[in-house]
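Have a look at the structure below, then the notes.
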């Protein structure tokens, strides 16, 4: 990640302020009224689960 082999080196490249601002924006999107009707298509859900390394029927989702 971040072009680094070592986890510690990659962690040192993370800007905490950017993480906070990103999390604030994600919550705005998540809490938006238009998102209440948003549904993920089955094929997209499968791709998302593969990306997250989650198997079907797992409690990880």
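When 52, 45 are ordered from fewest to most other Cβ atoms inside 10 Å of their Cβ, what list results?
Result, fewest neighbours first: 52, 45.
Once a ≥ b ≥ c are taken as the square roots of the eigenvalues of the Cα gyration tensor of the stretch 7-51, is the result rounded (a/c under 1.5), prolate (a/b larger than b/c) or oblate (a/b not larger than b/c)?
oblate
How do 37, 24 line up, fewest other C-beta atoms within 10 Å first?
37, 24
Rule-based calculations on the coordinates, nothing more; no lab input. All values derive from a computational prediction rather than experimental measurement. Don't worry about glycine lacking a Cβ; one is built from the backbone with ideal geometry, like all the others, and counts go over all protein chains shown.
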